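Below: one structure, written as structure tokens.
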Amino acid sequence: MKLGFLTVALGPMPLEAKAEWAAAEGFQALELACWPRRNDRDYSASDLDVATLTQAEADRVRARLDGLGLAVSSLAYYDNNLDRDPAKRAAVNAHVRKTIDAAAMLGVERVGTFVGRNIDRSVEDNFGEFEEVFGGLVAYAGARGVRLMIENCPMTGWQKPGEPGTISFSPELWAEMFRRVPDANFGLNLDPSHLVYQRIDVLPLIPLFRDRLFHVHAKDMMVFEDRFAWYGIFNRQLGMKEWPLLESGFERARMPGLGLVYWEAFLMRLHDHGFDGFVSIEHEDPDYAGSEARIKEGLSLGRAHLLEVGGRFFGK
């Protein structure tokens with residue numbers, strides 16, 4: 001395995017500066033953010049302008065990263081591919097295809113995205129649209145030697161309060177995705193943190209989906225049991241300002257080692273079932289935010305913990 005991080009965490013910092021810091025810190029890979037240069041998404045960045053990328057520019061980027069000893073684990077563009085607005089959906093789908101084209105130019109094997117959801121329909125009723133949209137996107141990727149993968153985040157509240165904004169957040173739904181689009185180049189960017197607060201044990205899932213595990217997001221999650229007892233399984237429903245300590249719901253994203261994911265067992269299970277790909281820290285920990293120095297501190301802390309408990313699994 002190789003250890004890297006998703007470059008979204010460092011925001012608008014130039015890719016060259018992100019890469020130099022990553023190499024100096026001992027990271028082995030970068031997961032490059034590829035959102036459109038103009039977008040209003042939170043947790044997004046644009047290290048590559050895939051809409052205008054040329055082969056010459058791709059070759060220059062790749063040569064610089066190679067020179068620093070950094071692999072590119074994936075190109076990342078996570079947005080709503082099933083948006084209820086046909087124009088928005090078409091724009092997102094088109095940008096996914098541009099990101100796939102960029103991956104092919106760079107010689108990068110993986111592109112990550114969300115399935116998303118048409119929020120006007122139930123989760124079950126979205127699967128017909130999913131099959132049509134992702135059947136085409138996965139085929140487009142396969143023709144270019146690229147694997148398309150889905151992160152398993154529920155994105156609750158993304159479009160409607162209390163409602164999952166994607167249809168790909170549980171093993172039940174993964175199985176249906178792969179039944180509908182069975183192509184071998186379609187898989188998961190597995191993030192165990194999103195399973196923690198759903199009370200799903202990730203370890204038994206690894207052998208079940210071993211052939212679909214293309215990439216791993218290393219993000220931890222804390223569940224506060226006192227808040228869970230207050231909100232229940234559907235989490236926070238109201239904006240109750242008189243309860244300031246409960247304002248974030250019962251869960252909080254953390255750096256690896258600061259939450260409930262048992263990373264040593266997780267990495268061992270991945271290794272034992274043949275995973276030899278990329279583990280990429282996705283930094284969304286609010287305790288390590290607010291400044292470049294603090295963000296870097298969080299990334300370094302996450303790297304240190306993963307190497308402490310699983311260094312034997314990470315190759316040169």
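A search for C-beta distances below 9 Å between a residue of the stretch 19-45 that is basic (Lys, Arg) and any residue that is crowded, with 17+ Cβ neighbours inside 10 Å, counting only pairs 6+ apart in sequence or on different chains, returns Arg37/Ser46; Arg38/Ser46; Arg41/Trp35; Arg41/Tyr78; Arg41/Asp79.
Applying the selection to the stretch 187-246, what residues are of a type in the set (D, E, K, R) and at pLDDT 95 or above?
If the condition is that a residue be of a type in the set (D, E, K, R) and at pLDDT 95 or above, then Asp191, Asp201, Arg210, Asp211, Arg212, Lys219, Asp220 are the ones that fit.
Condition check: within 22 Å of the chain's Cα centre (by Cα), surrounded by 15 or more Cβ atoms within 10 Å (Cβ to Cβ), at pLDDT 95 or above and assigned to a helix (DSSP H, G or I). Does Leu306 satisfy that?
Values: within 22 Å of the chain's Cα centre (by Cα): yes; surrounded by 15 or more Cβ atoms within 10 Å (Cβ to Cβ): yes; at pLDDT 95 or above: yes; assigned to a helix (DSSP H, G or I): yes.
So Leu306 passes the test.
Every residue in the stretch 246-302 that is in a loop (DSSP other than H, G, I, E, B) and touching a Pro at 6+ places or on another chain (Cβ under 6 Å), please. Result: Val261, His273. Beta carbons closer than 6 Å, at least 6 apart along the sequence or on distinct chains, never pair a first residue in the stretch 58-69 that is under 11 Å from Ala19 (Cα atoms) with a second that is modelled with pLDDT under 95. Evaluate the following for Leu299: is it out of contact with any Cys (no Cβ under 6 Å at 6 or more places or on another chain), farther than 18 Å from Glu151 by Cα and surrounded by 20 or more Cβ atoms within 10 Å (Cβ to Cβ)? Yes: the conditions hold for Leu299.
Criterion first (in contact with a Phe, Trp or Tyr (Cβ under 8 Å, 6 or more places away or on another chain), surrounded by 20 or more Cβ atoms within 10 Å (Cβ to Cβ) and modelled with pLDDT under 90) does Glu251 satisfy it? So Glu251 passes the test.
Which residue is surrounded by the most Cβ atoms within 10 Å (Cβ to Cβ), if the candidates are limited to the stretch 94-124 and must be without any contact (Cβ under 8 Å) to a residue 24 or more places away in the chain and farther than 15 Å from Asp83 by Cβ? By that ranking, first place goes to Ser122. Within the stretch 145-159, the presence of at least one residue that is over 19 Å from the mean Cα position of the chain (by Cα) and either of a type in the set (Val, Ile, Thr) or within 20 Å of Thr99 (Cα to Cα) (or both) is confirmed. Of all residue pairs spaced 6 or more apart or on separate chains, those with beta-carbon atoms under 8 Å, a first member in the stretch 287-312 that is under 18 Å from Glu20 (Cα atoms) and a second member that is among the aromatic types (Phe, Trp, Tyr) and surrounded by fewer than 18 Cβ atoms within 10 Å (Cβ to Cβ) are Lys296/Trp21. Might you let me know whether the stretch 147-156 holds any residue that is of a type in the set (S, T, N, Q), outside any strand (DSSP E or B) and touching a residue at least 60 places away in the same chain (Cβ under 8 Å)? Yes, the conditions are met somewhere in the stretch 147-156.
The values are calculated or read from the model by the stated rules, or taken from the named source; none is laboratory data. Small disclaimer: the values here were computed from a predicted structure and weren't measured. As a convention, Cβ positions derive from the backbone with ideal geometry for all residues, glycine included, and neighbour counts pool all protein chains shown.
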